[in-house]
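Enquirer: What follows is a structure written as structure tokens; I'll ask about it next.
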Amino acid sequence: MNAAPPPEDARGPSRLASLDVVRGVAVLGILLLNIISFGLPEAAYVNPRAYGGWHGADLAAWCINFVLFDGKMRGLFSFLFGASMLLVIERAETNGEDAAKVHYRRMIWLLAFGLAHLWLVWHGDILTHYALVGMIAFALRRLSVGRMLVLGAMLVAASTVLLAAIPLLVHQLQCCASGPQQATEHARDLQGLARSLGVPSAAELARELALYRGDYRGILAARLGEHLTTPLVLLWFYGPETLAYMLFGMAAFRSGLLRGEWSRQRYRRWLLVCWGAGLPASAGLAFYLVREQFGLFSAALAWALAAPLRPPMILGWACLILLLAKPGALSERLAAAGRMAFTNYLMTSLICTTLFYGYGLGWFGHLSRWQLYPVVLAIWALILLWSKPWLARFRFGPFEWLWRSLARGSWQRLRGAASV
């Protein structure tokens, strides 16, 4: 005889709302980091000394982001991508469809959207990466929850080892020149690493500022010249980590975590365990970076050491969101934002490139780090305000509808309120 379900107040949110609410928080949260890439030179994303300020309010903004959000919102998005992917596959199998055909059509069209986004709109695209990793993840869908977790942990370890090669390289270049010629070569290599992890030269910063304050033609030419192979580079450096997150997301979906089926006590326990380990360690890394004044070696080392800290922080975020998500206007608006995450992600890029690049308002490089966050709040408000009314009239977000129609090979009905 089956045990009676726990009372309503002892359970998490409903299974349909849970994924959407967490996804809604993730699509908002990812802008906290992406705004740096939209508004400041590339190196500022990793190293606040590079540009945008690293004292006072700017340092506080960096610290909060580094400890709580950096990599965690992207990871949470990856968790949810894995969970949603598994949901689509299982629904296809239940309906007697060819799950592989359904999945790979979706990934191929997502790849097309991602490449268009990467080359035509913004160089920080993540959709292409998700499409490529998602094609690999399909083969692992039948693993048990335990094996998904073990394989995911192994992939995170492999990613950490891969990233650890960078601080080792920096250390070797900084201290191990055997003569004047090799010292010159090492200095040149260090300057190359400084473009992404350290403090670029004034000439390099001036070049980047001039580029993104310029017209669309110049930005497009630079993007096509510099980012044609970016998807393959990202797959090599971040593919293992992203695949791990997708596996964790699939495991979290199967275990009931992301469906809101755990008891509130269980969510609290895992939040305390995950953040009890992850928060102090992340704060310690932040303290180390500030103490070392964001030197090139310390930035590279922290980048590598942050990798194994992200999974517990991400899981803690999922537990916290599901604990706090109670029926009400805010949860409904977050769920609507989550249901339209694809559209909201792409619209954020269109809005931000228009605000910051030269063919729009040209704000690139003119705001300090903390001054970027009123822009974030305004975009958050826009997303929360428009998503729910749209779904009251249409079944899907605009880009969700287009993706679904292309993947299914026929135009899907758009008008009508989204199903609950």
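Enquirer: If I go through the stretch 90-126 residue by residue, how many of them are touching a His at 6+ places or on another chain (Cβ under 9 Å), part of a helix (DSSP H, G or I) and modelled with pLDDT of 95 or more?
Expert: 3
Enquirer: Looking at the stretch 306-326, I want the residues that are more than 15 Å from Ala281 (Cβ to Cβ) and have a partner that is at pLDDT below 95 and of a type in the set (S, T, N, Q) with Cβ atoms under 7 Å, at least 6 apart or on another chain. Which pairs are those?
Expert: What qualifies is Leu322/Ser18; Ala325/Ser331.
Enquirer: If you go through the stretch 51-66 one residue at a time, do you hit one that is assigned to a loop (DSSP other than H, G, I, E, B), crowded, with 22+ Cβ neighbours inside 10 Å and either in contact with a Pro (Cβ under 7 Å, 6 or more places away or on another chain) or in contact (Cβ under 8 Å) with a residue 24 or more places away in the chain (or both)? Quick ask: steps written out before the conclusion?
Expert: Of the residues in the stretch 51-66, the ones assigned to a loop (DSSP other than H, G, I, E, B) are 51-55.
Right, trim to crowded, with 22+ Cβ neighbours inside 10 Å and you get 51-52.
Filter once more, keeping what is either in contact with a Pro (Cβ under 7 Å, 6 or more places away or on another chain) or in contact (Cβ under 8 Å) with a residue 24 or more places away in the chain (or both): 51-52.
Yes: one or more hits.
To keep it simple, each residue is scored yes or no on (1) within 20 Å of Asn65 (Cβ to Cβ); (2) crowded, with 21+ Cβ neighbours inside 10 Å; (3) hydrophobic (A, V, I, L, M, F, W, C).
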| site | (1), (2), (3) |
| --- | --- |
| Phe356 | yes, yes, yes |
| Gly360 | no, no, no |
| Gly365 | yes, no, no |
| Val376 | yes, no, yes |
| Leu406 | no, no, yes |
| Gly409 | no, no, no |
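Enquirer: Okay, moving on. Can you find a residue in the stretch 31-41 that is within 14 Å of Ser368 (Cα to Cα), in contact with a Lys or Arg (Cβ under 8 Å, 6 or more places away or on another chain), among the small types (Gly, Ala, Ser) and modelled with pLDDT of 95 or more?
Expert: No: zero hits.
Enquirer: While we're on this one: Of the numbered conditions (1) buried (at least 21 other Cβ atoms within 10 Å of the Cβ); (2) touching a residue at least 40 places away in the same chain (Cβ under 8 Å), Leu279 satisfies every one except a single condition; which is it?
Expert: Result: Leu279 fails condition (1) only.
Enquirer: Continuing with the same structure: Would you mind listing the helices (runs of 4 or more DSSP H) fully within the stretch 127-226 where at least 1 residues are free of Cβ contacts under 8 Å to residues at least 60 places away in the same chain and surrounded by 17 or more Cβ atoms within 10 Å (Cβ to Cβ)? Spell out the reasoning first.
Expert: Values: elements: 127-137, 145-175, 180-194, 202-212, 216-226.
Hits in the stretch 127-226: 127-137, 145-175, 180-194, 202-212.
Enquirer: Give Leu346, Leu279, Leu322 a once-over and let me know the one that is outside any loop (DSSP other than H, G, I, E, B), within 28 Å of Asp58 (Cβ to Cβ) and not aromatic (Phe, Trp, Tyr).
Expert: On inspection, the qualifying residue turns out to be Leu279.
The values are calculated or read from the model by the stated rules, or taken from the named source; none is laboratory data. Note that the structure is predicted; figures quoted are calculated from it, not measured. Cβ atoms come from the backbone with ideal geometry, glycine included; neighbour counts cover every protein chain shown.
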